[in-house]
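S.K.: Structure in structure tokens, see below.
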Amino acid sequence: MIIVCLDKFKIMKPYINNLLELINNGEMDNTYKMSWIKSIVEVCEKHCKEEIHFDELSPIIFKYYWNQTIFFNLYQSANKKKKPKIIQYVEEEIESYKEKYNTSQPITYIRLRDSIRQTVIKKISTVLKENVSWRFLILNKKEYDIYSLDLENKTIKVKHPDVIKEYSDILHQAINYRWSQKLEDYDGSPRICKKIKGIDRDQTPKRKPLKKFHKYLDKSKRRSNTIQSTFLNRLVCTSSLKTSVCSVFLCIS
């Protein structure tokens, strides 16, 4: 038992160190690499399997970008005139949702996932094949042995899914931090890290409690219905604004 544990430790340490090296220092023209590895960590965390098809990763990546876009409209690359393809696909689906339901109210991916067209998922898988899947492994002209690629069949074979699962919390934190750093460079929006964390791993954005406003609400009861209505509308707007700026997931699992 001790020998087995020691052998596993010998595998875990260099493997996780290499993965963190790629996360922390990989070159990034956009946020594709972070969404890619984050989706892999999520699959390993839930299912702990070696072989993963791109079509399984694509909906998860779509989820990240859907939530970040519909709630915060964050820029995911330095080029604001030409957005990355996946972002374009997500924005098209968001517009389709708004038109279909005649609303501008943001909604999390988890509540709408069954309505997303499979053609979009296939197009994202194609982008993964052409771009990020092989680029992620390369740092300073060195290719790291995190997973093996079968581009023809659009699959990866993760070397140590059990290790990724065991260290998933650390990996998610590292990914969120790097993603937040790049979004601050691209977007300049305040409190990026909280926005990413707030929509992470299927959490739904929630408003902050209104307890601190109760004294104002009590006072408003003594006013006329018209004044009370106006006050409450302003209160809700203020609360919503603070929520959107200070804490929200969108989305990012």
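S.K.: Taking interchain pairs and intrachain pairs at least six residues apart, which have beta carbon atoms under 8 angstrom, with the first residue in region 21-35 and more than 19 Å from Lys80 (Cβ to Cβ) and of a type in the set (D, E, K, R) and the second surrounded by fewer than 24 Cβ atoms within 10 Å (Cβ to Cβ) and modelled with pLDDT under 95?
M.R.: none
S.K.: Now for a different question. Answer yes or no as to whether Arg111 is modelled with pLDDT under 95 and out of contact with any strand residue (DSSP E or B) (no Cβ under 9 Å at 6 or more places or on another chain). Even if it seems obvious, please write down each step before you answer.
M.R.: Values: modelled with pLDDT under 95: yes; out of contact with any strand residue (DSSP E or B) (no Cβ under 9 Å at 6 or more places or on another chain): yes.
So Arg111 passes the test.
S.K.: Only one of Ile70, Ile61, Ile94 is surrounded by fewer than 20 Cβ atoms within 10 Å (Cβ to Cβ), hydrophobic (A, V, I, L, M, F, W, C) and assigned to a helix (DSSP H, G or I). Can you tell me which? If you could, list the steps in order and put the result at the bottom.
M.R.: Numbers: Ile70 fails: surrounded by fewer than 20 Cβ atoms within 10 Å (Cβ to Cβ); Ile61 fails: surrounded by fewer than 20 Cβ atoms within 10 Å (Cβ to Cβ).
After ruling out the rest, the residue left standing is Ile94.
S.K.: Are any residues in region 97-126 closer than 28 Å to Leu149 by Cβ and either within 17 Å of the chain's Cα centre (by Cα) or part of a loop (DSSP other than H, G, I, E, B) (or both), and if so, which ones?
M.R.: Correct list: Tyr109, Arg113, Ile116, Arg117, Ile121, Ile124, Ser125.
S.K.: Can you find, within region 125-142, the residue that is modelled with the lowest pLDDT among those that are closer than 13 Å to Glu27 by Cα and either touching a Pro at 6+ places or on another chain (Cβ under 7 Å) or charged (D, E, K, R) (or both)?
M.R.: Lys141
S.K.: Considering region 36-91 alone, what residues qualify as being more than 21 Å from Gln118 (Cβ to Cβ), among the hydrophobic types (A, V, I, L, M, F, W, C) and touching a Pro at 6+ places or on another chain (Cβ under 6 Å)?
M.R.: Of everything in region 36-91, those that are more than 21 Å from Gln118 (Cβ to Cβ), among the hydrophobic types (A, V, I, L, M, F, W, C) and touching a Pro at 6+ places or on another chain (Cβ under 6 Å) turn out to be Cys44, Cys48, Phe71.
The values are calculated or read from the model by the stated rules, or taken from the named source; none is laboratory data. Quick caveat, the model's predicted, so the values are computed rather than measured. In this analysis, Cβ positions are derived from the backbone assuming ideal geometry, glycine residues included, and neighbour counts consider all displayed protein chains.
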